[in-house]
Amino acid sequence: MTEVDHTASLEEAQAARLPLGYRDACSALLIPLNQCRRKTLYAPWKCEEERHTYERCQYQDFLAREKKLRQMKLQQAEAAEE
């Protein structure tokens, strides 16, 4: 699995008026999704591809963080045994 950075720059996030809580690793994918949502008046059947791409990025980011947490806990347990 390749790591691709989907983080929007500070200027892009400010221009798109992204709330601070959404300025994460997938923020660059959220900008076109929000633009599509505004253009289609938030119709649930529209912007499916953009939403799927954003949600997949969020899930992949979650899995990466979980893996890192498991590794950290394992290292701490090994260090405690020594």
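Here, each number is a calculation from the coordinates, and none is a lab measurement. This is a predicted model, so every value here is computed, not measured. As a convention, Cβ positions derive from the backbone with ideal geometry for all residues, glycine included, and neighbour counts pool all protein chains shown.
Some values worked out for this structure:
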| quantity | calculated |
| --- | --- |
| Leu33, sole failed condition from (1) in contact with a helix residue (DSSP H, G or I) (Cβ under 8 Å, 6 or more places away or on another chain); (2) among the aliphatic types (A, V, I, L, M); (3) in a loop (DSSP other than H, G, I, E, B) | (3) |
| Unmet criterion (only one of (1) in a loop (DSSP other than H, G, I, E, B); (2) surrounded by 11 or more Cβ atoms within 10 Å (Cβ to Cβ); (3) not basic (Lys, Arg)) for Pro44 | (2) |
| Close pairs (7 angstrom Cβ cut-off, 6 or more residues apart or separate chains): under 21 Å from Asp61 (Cβ atoms) and touching a residue at least 12 places away in the same chain (Cβ under 8 Å) in the range 24-45, in a helix (DSSP H, G or I) and among the aromatic types (Phe, Trp, Tyr) anywhere | Cys26/Tyr54; Leu29/Tyr54; Leu30/Tyr22; Leu30/Tyr54; Leu33/Tyr54 |
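Let's see how each residue does on (1) out of contact with any Ser or Thr (no Cβ under 6 Å at 6 or more places or on another chain); (2) surrounded by 10 or more Cβ atoms within 10 Å (Cβ to Cβ); (3) of a type in the set (D, E, K, R):
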| position | (1), (2), (3) |
| --- | --- |
| Glu11 | yes, no, yes |
| Asp24 | yes, yes, yes |
| Asn34 | yes, yes, no |
| Arg37 | yes, yes, yes |
